[in-house]
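Chemist: Below is the structure I would like to discuss, written out as structure tokens.
The values are calculated or read from the model by the stated rules, or taken from the named source; none is laboratory data. On a predicted model such as this, the values are computed, not experimentally measured, just so you know. Methodologically, a virtual Cβ is constructed for each residue, glycine included, from the backbone with ideal geometry; neighbour enumeration extends over all protein chains shown. Just so you know, the surface numbers come from the protein's heavy atoms only, side chains and all, with ligands and any DNA or RNA stripped out. Shrake-Rupley method; radii C 1.70, N 1.55, O 1.52, S 1.80 Å.
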Amino acid sequence: MREEAIGAELLAWYDANARVLPWRVPPGSDAMADPYRVWMSEIMLQQTTVAAVKAYFERFTTLWPTVTDLAAAEDSAVMGEWAGLGYYARARNLLKCARVVVADHGGAFPDTEEGLLTLPGIGPYTAAAIASIAFNRPAPVMDGNIERVMSRLFCVEEPLPTSKPTLKVHATRLTPTHRPGDHAQALMDLGATICTPKSPACGICPLMSACAARKAGIAAELPRKLPKKTKPTRFGYVYFARRADGALLLETRPDKGLLGGMLALPTSEWNDAPTEAPPLATHWHDPGAEVRHTFTHFHLRMALRVADVSQDATPERGEFVPRAQFSPSTLPTVFRKAFDLGRGVTIDADLAKG
């Protein structure tokens, strides 16, 4: 089946089966997608599921309906709303990008891949997606779903990630000049709903007659992947200090680094053999509890330390935040886990005195 015929079959399927998503316009619509909403959705969807993103997207675009609104937002407000979505560098880059678009581009996103790539936080995939979906540019979009479809459609047995250049060549050949944004979203939907990682539904796939991997009987085995490296485990301590009035000791993490700019409970360093680094001098209770969390590149295990302190306690770092002035939901997931553990610990009064 020629590329034109594959594209026609794909778009016909998409017209009838497109997922309804809050950042999309209906397939074949004369209306163009809003670049701001496309950009926002693509940043949020990086390494995150559609189901997890929907509520965040709707909340962000309600609070900040335009890129100008977002550019003017307080950093802490944006970081707080992002809490729980993970990969927090995306939130920092979201603000940087919005401010560059407003300051350097008059509030309008560049309409080419090359122009979009100059913006903070926008890489090749995101640039291609915005150019294609929002500006109707024939840019080949490559995400995990599309890589999987390409590997099966053309029976590419070379494992990922080394096969990425080959898969992009195939995707480029398939990308049409007519409705390129719908074409890209059709491939995304096909990979998400039919050409799934496990047990692909080949019998109802619109491209089954063209699929080389299906003909070879190995569709479910592709794409092959190189063995994953074992994630290391790091250790640390996390400190839950509360005053009698309910105020909790919190700090803002450094802008650079993991969870940068986020509100957090104080911790020690995270490494193979951490040393205690309490944020204030007091008696710290060891409840025998541990916070466990997995990041992209490592597992983390933090021993919990809890202290009930006086109203005049003075921390060496961080500050006591009245309970009414913060919501646990604004904490990154790892610190929400620590908060939930810490608030459930009761310290014996005599023990608390040291």
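Chemist: For the range 176-202, how many residues are in a loop (DSSP other than H, G, I, E, B), of a type in the set (A, V, I, L, M, F, W, C) and surrounded by 14 or more Cβ atoms within 10 Å (Cβ to Cβ)?
Modeler: Qualifying residue count for the region: 2.
Chemist: Being farther than 30 Å from Lys96 by Cβ and either touching a Cys at 6+ places or on another chain (Cβ under 7 Å) or buried (at least 18 other Cβ atoms within 10 Å of the Cβ) (or both), is that true of even one residue in the range 248-268?
Modeler: no
Chemist: Right, another one. Take the residues in the range 142-167 that are open to solvent by 10 Å² or more (accessible area, probe 1.4 Å) and β-branched (Val, Ile, Thr); name whichever of them is farthest from Asp104 (Cα to Cα).
Modeler: The extreme case among them is Val156.
Chemist: Can you tell me which of Tyr36, Tyr14, Tyr56 is over 30 Å from Leu207 (Cα atoms), at pLDDT 90 or above and in contact with an Asp or Glu (Cβ under 8 Å, 6 or more places away or on another chain)?
Modeler: Going through Tyr36, Tyr14, Tyr56 in turn, just one is over 30 Å from Leu207 (Cα atoms), at pLDDT 90 or above and in contact with an Asp or Glu (Cβ under 8 Å, 6 or more places away or on another chain): Tyr56.
Chemist: Could I ask something else about it? Looking at (1) open to solvent by less than 80 Å² (accessible area, probe 1.4 Å); (2) without any contact (Cβ under 8 Å) to a residue 12 or more places away in the chain; (3) of a type in the set (Gly, Ala, Ser), which is the one condition that is false for Gly86?
Modeler: (2)
Chemist: Tell me, yes or no, whether the range 166-175 has at least one residue that is without any contact (Cβ under 8 Å) to a residue 12 or more places away in the chain, under 30 Å from Arg24 (Cβ atoms), assigned to a helix (DSSP H, G or I) and more than 29 Å from the chain's Cα centre (by Cα).
Modeler: No, because not a single residue in the range 166-175 is without any contact (Cβ under 8 Å) to a residue 12 or more places away in the chain, under 30 Å from Arg24 (Cβ atoms), assigned to a helix (DSSP H, G or I) and more than 29 Å from the chain's Cα centre (by Cα).
Chemist: Here are some conditions: (1) in a helix (DSSP H, G or I); (2) open to solvent by 10 Å² or more (accessible area, probe 1.4 Å); (3) of a type outside the set (Val, Ile, Thr). Arg137 meets all but one. Which one does it not meet?
Modeler: Condition (1) is where Arg137 drops out.
Chemist: Checking the conditions here, which among Ala103, Ala128 is modelled with pLDDT of 95 or more, open to solvent by 40 Å² or more (accessible area, probe 1.4 Å), assigned to a helix (DSSP H, G or I) and of a type in the set (A, V, I, L, M, F, W, C)?
Modeler: Exactly one of Ala103, Ala128 is modelled with pLDDT of 95 or more, open to solvent by 40 Å² or more (accessible area, probe 1.4 Å), assigned to a helix (DSSP H, G or I) and of a type in the set (A, V, I, L, M, F, W, C), namely Ala103.
Chemist: Anything in the range 284-293 that is over 20 Å from Thr233 (Cα atoms) and open to solvent by less than 70 Å² (accessible area, probe 1.4 Å)? List them, or say none.
Modeler: Passing the criteria: Trp284, His285, Pro287.
Chemist: Another question, if that's okay. Filter the range 65-78 for residues that are acidic (Asp, Glu) and part of a helix (DSSP H, G or I); which is farthest from Ser329 (Cα to Cα)?
Modeler: Among those residues, the one meeting the criterion is Asp69.
Chemist: What tally of residues in the range 221-246 results from selecting those that are of a type in the set (Gly, Ala, Ser) and outside any loop (DSSP other than H, G, I, E, B)?
Modeler: Residues that pass the stated criteria total 2.
Chemist: Return the residue satisfying two criteria in turn: it lies in the range 306-337 and is over 22 Å from Phe60 (Cβ atoms) and of a type in the set (Gly, Ala, Ser), and of such residues it is most open to solvent (accessible area, probe 1.4 Å).
Modeler: In this case the residue turns out to be Ala324.
Chemist: Condition test on Thr296, is it open to solvent by 50 Å² or more (accessible area, probe 1.4 Å) and either out of contact with any Gly (no Cβ under 7 Å at 6 or more places or on another chain) or of a type outside the set (Asp, Glu) (or both)?
Modeler: yes
Chemist: If only one of Arg214, Arg224 is in contact (Cβ under 8 Å) with a residue 60 or more places away in the chain, of a type in the set (Lys, Arg) and surrounded by 15 or more Cβ atoms within 10 Å (Cβ to Cβ), which one is it?
Modeler: Arg214
Chemist: With the requirement that a residue be assigned to a helix (DSSP H, G or I) and more than 11 Å from Leu153 (Cα to Cα), what does the range 203-215 give you?
Modeler: Gly203, Ile204 - these are the residues of the range 203-215 that are assigned to a helix (DSSP H, G or I) and more than 11 Å from Leu153 (Cα to Cα).
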